[in-house]
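Written out below as structure tokens is the structure these notes cover.
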Amino acid sequence: MGHAHGRTKGGRLPISELQSTLGCAYLFITHDLAVVKEFADRTLVLQHGRIVEEGNSVDVCDRPRHEYTRHLVAAAPVPDPDLQRRRREQRSLQLSSGS
């Protein structure tokens with residue numbers, strides 16, 4: 001991640017280091033489960049205000065059990081532009097076919 005002496009390029013402490021240094025917790029609200037997997041120990045997935053899945057973030061992101069969670073994982077951006085394009089095309093086909 002480009003940290004020098006525990007700090008980001010902008011001189012800020014990474015979230016995990018701030019958490020351990022300050023002894024605090026964070027609440028992230030996002031649709032991007034790739035971010036959740038990197039920063040959160042536990043994850044709750046809500047759909048229409050109801051919890052549909054919860055657990056260890058790695059487990060929830062790598063082995064989603066609920067259909068909505070699987071959709072969120074599939075929608076997370078990937079750094080490879082070719083792979084991202086193929087995923088978008090695949091999602092478009094799925095949406096047009098009603099799946």
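The values are calculated or read from the model by the stated rules, or taken from the named source; none is laboratory data. Please read these numbers as outputs of a predicted model, since none were measured by experiment. Positions of Cβ are generated from backbone atoms using ideal geometry, with glycine treated the same way; all protein chains shown enter the neighbour counts. We work out accessible area using only protein heavy atoms, side chains counted, and drop any ligands, DNA or RNA first. Shrake-Rupley method; radii C 1.70, N 1.55, O 1.52, S 1.80 Å.
What are the chymotrypsin sites (Phe, Trp or Tyr not before Pro) within the range 14-99 that DSSP puts in a loop, where the Cβ has at most 15 other Cβ atoms within 10 Å? Show your work: numbers first, answer last.
Values: sites: Tyr26, Phe28, Phe39, Tyr68; in loops: Tyr26, Phe28.
Answer by residue number: Tyr26, Phe28.
Of the solvent-accessible surface of the range 50-99, computed with a 1.4 Å probe over protein heavy atoms with every protein chain present, carbon and sulfur atoms account for 52 percent. A straight chain from His48 to Glu17 at 0.36 nm per residue would run longer than the Cα-Cα distance by 7.9 nm. Compute the distance in nm between two label points, each set 7 Å from the Cα along the Cα-to-Cβ direction, one at Phe39 and one at Ala74. Roughly 2.6 nm, to one decimal.
Sparse packing (at most 13 other Cβ atoms within 10 Å of the Cβ) combined with a DSSP loop state is found for the following trypsin sites (Lys or Arg not before Pro) in the range 43-99: Arg65.
Between Arg85 and Tyr26, the simple spin-label model (points 7 angstrom out along Cα→Cβ) gives 3.3 nm.
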